[in-house]
Each structure stands twice: as structure tokens, then as C-alpha cells.
Amino acid sequence: MDFGQSVVSFKTFLEQIKPEHVTTFLHWVRETADDYLQNIAETDTGNADTMLHSIQEDLRNSLPMNAISPTETIYIPTSGPNADCDPNKAVHIDAFLFDDEIIDELCEKGQMSRNYCTECGSHNTKALTFLSHSASANQIKYIFTYLLSDLTGKTVMDVGSRTGAVLYGAYVYSQASSIVGVEMDGSFCQLQNNIVQKYKMEDRVKVIQSDIQQQAELLQNCNVVVLNNVFEFFMPVEEQLKIWKFLRQTLCKKDTLIVAVPSLKNSLDSIQSDISVHHWVKEVDIQDKLRLGNIALYKTSEESDLEAIHLYQVL
């Protein structure tokens, strides 16, 4: 029985249930389906999860909590939604390496805090702003197990691959034949290559130390391009405008997919770019995939960070 036939049969079955029992039955179906989807997710990706957890542990032992390279410069945005970010009241912490559970443990040990005191010595506190320049492990798993279709024979590129989180996720959760990270910082490239070699990913993963503007041909031949918080905190606005113009001109192959956090519109509006998003790409409706991802990875959408992810198809 295929999907369409299953839907018809389910609706026919519902019509046979006494009206006073339909609500109770549907609540049972929802709870059962949630558990079933969770079991499927854990069964299908168990080995991949284990490998990714091991990589996370290696990276935590190799990097400071903020996962910022000593050779890179962080720019505080002067426009857009993050323009009011006060560097004295913000904490850079890598979401791939430190999830909420680990952060809670560190807070309990007194190794970090979620709040700052507005009056020294008082209980008048406010929440610190947490900034991450990497996707979380759940976001990465969602992208490659729910959001994107079969990637067999396809090429995936992560622009600004930093610690390589997206590369490792693409390797363990997808069958993409070529996974490329383009990163300017040499220390990050070395770190990524160390992980790639240790976990024997050389057959499908390649790390290139380069400015993305020097990789036009490679970019044009990709099937999926990931842009995760890629420019805003790492270069002045004039440089961002230049790179976005390059991406608009270069990412022109029809049906190329772009996975973006934040949305392309937000990124471009924040730097007052004149690039027209709707003349470049169309946003893909991912609500069904988002619901599945939230059920499988979070049980509830309340704590989910998946809503930040947008999927586009080049026109």
C-alpha cells in the first residue's frame, strides 16, 4: 500500500468510528505516532549519532567554549536585528559543541552563567545573549535526514565551514557523493582536516582554504549550498555586500538548493542590499518536514531551533 492509498484507507477507517470516540482515538494515534517516529529516528541514525557525538567530544577538547579562532576577527553588526548586541553582555558559545544540557551542567559547576548582574552584588539580573556561529547538532540532523531529499550523487558545499560541523553531519546522515567546506581561516581548516582524517571521511569530504569568491566554478556545480550565519559577524557591511552580490551572480544554476540561517531576506535587508530575493530564488514550503523534525528531535516545537532554517530553490 503506497502513501496515497494509506491516506484513503485511514480516512475511510475514521468514518467507521463512532463520533463520540473519534477525538479519543485521534489523541491515541498522535501519541503512538510520536513514539513510533522517535523509534525510527533512533534506529535509523543510531550509528551516525554515535559518530557525531564522538566528533563533538574531540572538538570540545580542542577548542575554547566560544569556538573562535585566535586568528579571526569578530565584528558586531551595526545594522539589522543584531545591531543592538552589546559585546559586554553577550556570550559566544558554539551550538554544535554545547547544547542546552551541557550549558546547564557548566552553569551548575559555576564554569559559566546565563545571566549578568545589572547592579553589582544585587539579585537584579538579566539574561546574557548567547551567540553561536555554528548550527546545532539537531539542526544538522534535521537538514540531512528530514529537510533534504536523497543526496546520492549530489555535491554539498558549506560556505564558511569553520569547525566542520555541517560537513560531518552531511557525511554521517546523507549519501552525498561530494561534501566540500570552504573556509578562509587556516587553523579551522587544519582542525577540520584532522577530524576528516581521524574518522576516515576523505572519500567524500574535502576542505578548501579559500575565499568563496575564488571558488566560482565549484560553487556553480554544487547541488546544495549551506549558508549558516556565515558573514554577519565576520566582516564589515561593505564586504558582505560584495560577497552577496557574488553569490547572486554565481548561484544561478536552476534548482540548486540553498539552506540558509537566517533567511536570505533577513540577511540582505540587514545590510540594505538591493538584491531581489524573489527574482533569485523561491522559498520551499517545509512545514510538513518541520513538523516531522520537531516530533522526532524535540517531541515539542517549544524548545526547537529548527524554525530558523530556510530552504530555497534557485529559479
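The values are calculated or read from the model by the stated rules, or taken from the named source; none is laboratory data. Predicted model, so just to flag it, every value in this text is computed and none were measured. Neighbour counts run over all protein chains shown; Cβ positions are idealised from the backbone, glycine included.
What about Ile275, is it farther than 22 Å from Tyr173 by Cα, among the aliphatic types (A, V, I, L, M) and not in a strand (DSSP E or B)? Write out each step before concluding.
Working: farther than 22 Å from Tyr173 by Cα: yes; among the aliphatic types (A, V, I, L, M): yes; not in a strand (DSSP E or B): yes.
Against the criterion (farther than 22 Å from Tyr173 by Cα, among the aliphatic types (A, V, I, L, M) and not in a strand (DSSP E or B)), Ile275 qualifies.
Selection of region 189-200 for residues being in contact (Cβ under 8 Å) with a residue 60 or more places away in the chain and part of a loop (DSSP other than H, G, I, E, B) yields only Tyr199.
All conditions but one from (1) at pLDDT 90 or above; (2) closer than 20 Å to Phe96 by Cα; (3) out of contact with any strand residue (DSSP E or B) (no Cβ under 7 Å at 6 or more places or on another chain) apply to Ser263; the one that does not is (3).
Among the candidates Gly164, Gly186, which residue alone is among the small types (Gly, Ala, Ser), surrounded by fewer than 18 Cβ atoms within 10 Å (Cβ to Cβ) and either touching an Asp or Glu at 6+ places or on another chain (Cβ under 9 Å) or in contact (Cβ under 8 Å) with a residue 40 or more places away in the chain (or both)? Don't jump to the end; show me each part of the working.
On the way: Gly164 fails: surrounded by fewer than 18 Cβ atoms within 10 Å (Cβ to Cβ).
The match here is Gly186.
Scanning region 264-303 for residues that are free of Cβ contacts under 8 Å to residues at least 12 places away in the same chain and not charged (D, E, K, R) yields Ser276, His278, Gln287, Thr300, Ser301.
Kindly indicate which of Gln240, Gln215 is under 25 Å from His279 (Cβ atoms), touching a Phe, Trp or Tyr at 6+ places or on another chain (Cβ under 6 Å) and in the same structural domain as Ser273 (by TED's automatic domain parsing).
Working: Gln215 fails: touching a Phe, Trp or Tyr at 6+ places or on another chain (Cβ under 6 Å).
Only one candidate qualifies: Gln240.
The residues in region 251-276 that are closer than 28 Å to Leu151 by Cα and surrounded by fewer than 18 Cβ atoms within 10 Å (Cβ to Cβ) can be counted, and the count is 7.
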